[in-house]
Structures are given as structure tokens and as C-alpha cells.
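Presented below is the structure to which this report refers.
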Amino acid sequence: MSPVIRLIRLLTCAAGILCALGDARPAWAQARAEVRGFWVDTFNTPLNTHADVVTIVDRATAAQANTIYAQVRRRGDSWYLDSLEPVPDNTPLAPGFDPLRDLIVEAHARGVEVHAFVIANAIWNRAPNLFPPSNPTHVFNRHGGYDAGTNTITPGADNWLTRTLIPDGTAAIAYQGHRFGSEFYIDPGHPDAASYTADVLLHLVRNYDVDGLHLDRIRYPEISIAGQTPSTGTSVGYNQTNLERFQRHYGIPADGPPPAPGDPRWSQWRRDQVTNLVRRIYLEAVEIRPQLKISAALIAFGSGPATESAWLSAEPYWRVYQDWRAWTEEGILDVAIPMIYQREHLSSGQLAFDRWNDWVRTHQYARSTMLGLGAFLNGVEGTLRQTRRALAPSVAGTAHLGVNFFSMATSNVAVAANPFSIPPGQSTPLRPYADFAAGLVSGRSANGLTFFEDPAAYPAGVFAEPAAVPALAWKTDPQVGHLKGIVVNEASAVVDTGLILVERQDGEPAPTAGRTSVATATDGSGFYGGVDLAPGRFRVTVTPSGADPYQAQCLVDVTRGQVSTLNITIDRAAPTGRLAVDSTGLWPPSGAMREVTLTAEFSDVGTGLADVTFRVIDEYGQVEPEIVPVVASGEAMLIVARTFAVEARRLGRDRDGRTYTIEALVTDRACNVTSLRTTFVVAHDRRR
């Protein structure tokens, strides 16, 4: 046991809170459940050696924390070895050392969860003429459009960077509008860029036993310039491919002027591009690992909305096009973590914190929320006050799942004339991390001499009791399922921004939970998804831009706790074919079994043939021989022959003979079905 932990326990024991010096937890501690997390940013916290990993886990457990959000993708790089991206530049990883894998082993051994904290859209933050990425496979080198000879960005379909129309030199804009301060962002409205990001993150999920995937900068970049308002919008998102998709969807001439930043359709388009990426990552990640927790660090600039309509004027919604309120409502995040970075020692900061706290608690829908606390802006005293308010339930009884501190590297700051010092008004210094951890557990400094909270009001620290990570009911006992797929048209091109209607057709028993219909749209790669669907069988209807609706004939079963897949190729034409029978051997009608040969030709010009089943219908109902079905593999045409036996008999009073009917049900790979029929007769006599 570390000296800090032993001292903390001794101090809290004196207050009658925790008297066991061993590792056994008292019964009351076992019932406590809340997330206590730290963001570990690798800009400021080393994650290069085993010793670094042990230090991170030690720090987390010293604070009685149970979750680490470790930054393992910073700017198109990876602090893990089994990756689609290179290791970070100028980072001395120990040879062969895998920081993420080691962190998982060490943290799990001590009961601490590890969530992979990944930067989604920002891919480089240094001047490329001075410090380009050293690895030629880095995404900025491959798809940033940077021309070293001219020190400019080259536009084109292979350029994934988002851009602004604000002139260079204004608001720290550079490189023809592609650099925002120090940052280059890819545009989620470029289908190839979005697919790349999803592929990188899904590779991580497949290969590492992380407890969660935590998305950061899953948005457009902010721009600090006067004159931006909810109605004027932000000049961002003008990647050439993204812009062309928008113009094509709305029938706007490509040679016309670009949409204004405040154009309502353009604003919603950009929100949709970000949301599409979140939905895709969520569905494809939980398909791989259903228990994985998907969370995101979310923008909470300003003072926060006070009403429903005020959300439309909140900065996440209009400034960076991150409509995370819609994400929680749809259910494409398991845990939403708005970053409520406010200074507690300022009255304006307290007001903004409390307003956001109330808003977030009441907008959880069927998922969970946590508060991200800006410990780096506050003294230890201020962060403890915010932590207690964040963990308290609302008047209606709703509560957050827990809190997350930014950051482990900078846990507090010096505050002049700190109103929360004891006694009040003292200037409090920057304190070591050990004091921050001790403050959470005991309310005092690590040496026990400085109080961070009034011991009369708070005799125990806010984290005095150990806490388990809460179970998420929709993970541990799922009552609903999900659906995803790709839609392509008749020419096998993806259906971009096609309207999607997902509707439940049937299923037993009747649904008690989940959605029975979802209206959504495909993204630029043709991907669509429906979340939290009632178990049962569903049909999907697609309406491509400028085309009639297409109702897919294939149905899909949605089951609890799983992600089902229905890929759709639009195929409006049913298969065709013809049947011919050689029945010359049916005379005389002696009652013997005689062979008949069926020759058939089938074709499908759309998705190709899937299968053909046959049925022989005897008008007397006495004999129905089986014919071996055809199992196809998408062939455009098939010619088949089948030989089978029928009874050469007719009833004596049947003057027109005994009629057999062959029915063929021809199905293509779009589940379109065509029924073909032909007949043959066991004659009554030769005169017929």
C-alpha cells in the first residue's frame, strides 16, 4: 500500500469513515457505483514505458478512481502497436513496447477500466513546412494535399481536409483556409475520410480489450472570430468533395457560389456529416464487441441552454456542428461527457456550470451522461465543489453516471484570493497531484495539514468510499437490437444521402421495448443504421435523391443485444424465365412411375439469381414429387434441367386427362420473386 493511501485512510479513519488499513472493502463500499475517471492526455502525460503505465494506474487508484481515459490516438498516430497508423513522431517508445496493451493489463489487475481516448477529426497540428509527419503513410501526408515545393494545400478529391472561406491571416487561418490555429482537420463530409477514421478505430476495437472507445474532436473545428452567431453560422466544412455532395443532393449548380455559412440547409448538412460518423462508429464497434462502451468528450462552450429551443443557439449545435443532444436521444452514444470547463471561483463560471449540469442531467434519454470537469482551471477546492454538485441527483432524481477530470497531468491551478480556501480569500498555490488525490479521498492535503473542504460540512471526502463502475442496463440486459447496412443503386454506386425508413413487420411476442420504425438517411458511403429497435422482423425502404422509393424485398431479423446487417442493392426488376417439359413417356396411363424432364432458363439483369424452388401440383392431390432446387450465386443467367418421376395414371371418369402443374419460384439476390408455371397431362386416351 502506498504511503499516500495509508495516510489518507488513517485520516479518514479518524473521522469514522474508513478504518480498515488492508485491501478488504467494507460492505457499504461495495454498493457504491459511479464512474470516477481521469483523462490522460499524452501531450502532457508520458505513456512510453512500463514505468509510465504503472505511474498512471498508481495515480488513478490513489484518488479512488476506477476509469482511465487514455489518449492513444492524438493526431493520426497511435500509442499502440497493432494499428493502421504509425507510432507518434518524436516519442521514445521502448522497443517493442505496446503502451495500450500494457495499460490494459496493469489497470485491469487493479480493478480499473481502460477506455481508448481517440482524437477523431484533427490529424496534424504542426507547421508542415517545418515539421511534417515523418512517416510517409501518415494520413496528413497521404490525404492532406500538402505541396512541400510551394508550401500550399492542393485541392482535389484526394484532399480530405476541411476548410474555411475566411481569408488567411484572419483568426489564425492559414494554408488557404485549411489550418485553424495550429490544427488541420479532416472533413467528416468526405466519404473516404469518414471511412478511414471508422476503419482505424474499429481495428483498435478488434485487437485490444478496452472497456470503451472514447471519441474526442468528433466535430468541425471552432474559429475564433467576431460576428459568428447562430444565424450566421461558422465558415467551415468547405472541403471540395463535401461541398460537391451538398450541391448534388440539392440540385445546386456546381459552378455556382458556395452556400453561405448560415444557410440552414448547409448548417444541417454539416451536423449530419458528424452525426453520420458517430452512428457508424457506434454500430460497427458494438457489432464487434456488444459490451463496449462508446462515449465522447463533447463541446459545452458558453453558459449552456436553459430551454429546449435554446439548444439551437448553443455553441455545440451551430458553431462546431456537434448536435450531441440528438446523439443521446437517438442512442448512438452510451455515455455523453460534455466538457463543462468552468472556473468555480468566478460567479459566471459557477452559473454556467450549474446550467450545463442541469441541462445534461435532463437530456440522458435511454443512455447515460457524465460531466467532464476542468480541474486544470480550478484550485482543488473548486473542483471538489463541482464534483459534489455533479454527483448529486436533480430535483427529479436523475443523476449522472459519474465525473471525469481533465486532466491527470494538470489536476489544479493556482488561484489568487481563492474564495473557497480555508479560511476564505487566501491565494492558493499550484499543488502536486498527491494533494489533489488526497483531497478527493479525504478533503485534505496529502500531509493532512490543509483542508480543502469544511470538515464540519463534509467530514468525509467525496471519494472516501471505493466505488464500482456502474453497469449499463442496455449492455448487461439488452431488450433491443440494432440494424446497419450499405445501400447501392442499380449501377452499384453508393446511395448518398438517400432517405431510409426502417419498419417492423412482425415478430413474437409483441414489442415491449424499442423502436418499431426509424427514419434516417445514408451517409456518403451508403451506410445507414437504426438503433434500439424492438426485436422482430424489419423491412427497409430507400428513397434515393431524385428517385422513387424502393422497398427492399429482403427482410431482416433484429435480435436483442445484437447488430443485424441488411445490405441493399436497389433492384426494381424481378427475375424472368421459361419452363418446358418433356412428358412424352406418360403413355399408356398404366399407373407406373414414369420420368419427366423439365428444362428451364432463368435470368436476372439486376442483382443476379439467388435460388429457384419447384413444386409439382397434382390436380388429384395424390402425388407431388420433389424437384431438387437451384442454388445460385448471383449468376445473370442459368439453364437447368431436372428429371423426376410422376404417376402415369388418370381416373377413368376424367375425360380431359390428369393435369400436373410445375411451379417455379425464382428469387434474385434482392429477394424479388417471380412465379413461373407450366403444365403437362396424363392423357385419358390417345385421341386427346
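The values are calculated or read from the model by the stated rules, or taken from the named source; none is laboratory data. What you see is a predicted model; the values in this text were computed from it and never measured. Every residue, glycine among them, receives a Cβ derived from its backbone with ideal geometry; neighbour counts consider all protein chains shown.
Could you list, in sequence order, all residues of the range 663-687 that are in a loop (DSSP other than H, G, I, E, B) and loosely packed, with under 13 Cβ neighbours inside 10 Å?
Listed by number, the residues that qualify are 685, 686, 687.
Going through 564, 583 one at a time, which residue ends up being more than 33 Å from the chain's Cα centre (by Cα) and among the hydroxyl-bearing types (Ser, Thr, Tyr)?
Unique residue meeting the criteria: 583.
Might you let me know whether the range 608-616 holds any residue that is assigned to a loop (DSSP other than H, G, I, E, B), at pLDDT below 95, out of contact with any helix residue (DSSP H, G or I) (no Cβ under 9 Å at 6 or more places or on another chain) and surrounded by 15 or more Cβ atoms within 10 Å (Cβ to Cβ)?
No, every residue in the range 608-616 fails to be assigned to a loop (DSSP other than H, G, I, E, B), at pLDDT below 95, out of contact with any helix residue (DSSP H, G or I) (no Cβ under 9 Å at 6 or more places or on another chain) and surrounded by 15 or more Cβ atoms within 10 Å (Cβ to Cβ).
Among the residues of the range 651-662 satisfying the criterion of being modelled with pLDDT of 85 or more and loosely packed, with under 15 Cβ neighbours inside 10 Å, which is nearest to residue 625 (Cα to Cα)?
661
Name every residue in the range 617-641 that is of a type in the set (A, V, I, L, M, F, W, C), modelled with pLDDT under 95 and part of a strand (DSSP E or B), in order of residue number.
617
What's the number of the condition residue 325 fails, among (1) assigned to a helix (DSSP H, G or I); (2) farther than 24 Å from residue 234 by Cα?
(2)
If a residue has to be in contact (Cβ under 8 Å) with a residue 60 or more places away in the chain and among the basic types (Lys, Arg) to count, how many in the range 386-421 make the cut?
So the answer is 1.
Looking at 300, 296, 260 in this structure, which one is in contact (Cβ under 8 Å) with a residue 12 or more places away in the chain, out of contact with any helix residue (DSSP H, G or I) (no Cβ under 6 Å at 6 or more places or on another chain) and within 30 Å of residue 346 (Cβ to Cβ)?
So the residue among 300, 296, 260 that is in contact (Cβ under 8 Å) with a residue 12 or more places away in the chain, out of contact with any helix residue (DSSP H, G or I) (no Cβ under 6 Å at 6 or more places or on another chain) and within 30 Å of residue 346 (Cβ to Cβ) is 296.
Any residue in the range 356-378 that is in contact with a Lys or Arg (Cβ under 9 Å, 6 or more places away or on another chain), more than 26 Å from residue 217 (Cβ to Cβ) and in the same structural domain as residue 423 (by TED's automatic domain parsing)?
Checking the range 356-378: not a single residue is in contact with a Lys or Arg (Cβ under 9 Å, 6 or more places away or on another chain), more than 26 Å from residue 217 (Cβ to Cβ) and in the same structural domain as residue 423 (by TED's automatic domain parsing).
Based on what the data block shows, is residue 158 surrounded by fewer than 12 Cβ atoms within 10 Å (Cβ to Cβ) and at pLDDT 95 or above?
Here the answer is no, as residue 158 does not meet what is asked.
Going through 308, 344, 315 one at a time, which residue ends up being among the charged types (D, E, K, R) and crowded, with 24+ Cβ neighbours inside 10 Å?
Answer to the selection: 344.
Yes or no: residue 436 assigned by TED's automatic domain parsing to the domain that holds residue 326, touching a Phe, Trp or Tyr at 6+ places or on another chain (Cβ under 9 Å) and not small (Gly, Ala, Ser)?
yes
What pairs come out if I take residues in the range 490-518 that are within 30 Å of residue 604 (Cα to Cα) and in contact (Cβ under 8 Å) with a residue 60 or more places away in the chain and pair them with residues that are surrounded by 14 or more Cβ atoms within 10 Å (Cβ to Cβ) and of a type in the set (Asp, Glu) whose C-beta lies under 7 Å away, six or more apart or interchain?
490/571
Within the group 434, 446, which residue is surrounded by 20 or more Cβ atoms within 10 Å (Cβ to Cβ), modelled with pLDDT of 95 or more and part of a loop (DSSP other than H, G, I, E, B)?
446
Considering only the range 204-242, state which residues are free of Cβ contacts under 8 Å to residues at least 40 places away in the same chain and of a type in the set (A, V, I, L, M).
226
Residue check, residue 338 against (1) buried (at least 17 other Cβ atoms within 10 Å of the Cβ); (2) assigned to a helix (DSSP H, G or I), all met but one. Which one?
With (1) buried (at least 17 other Cβ atoms within 10 Å of the Cβ); (2) assigned to a helix (DSSP H, G or I) applied to residue 338, the lone miss is (2).
Could you tell me which residue of the range 376-398 is surrounded by the most Cβ atoms within 10 Å (Cβ to Cβ), considering only residues that are farther than 16 Å from residue 443 by Cβ and among the small types (Gly, Ala, Ser)?
So, considering only residues that are farther than 16 Å from residue 443 by Cβ and among the small types (Gly, Ala, Ser), the one surrounded by the most Cβ atoms within 10 Å (Cβ to Cβ) is 390.
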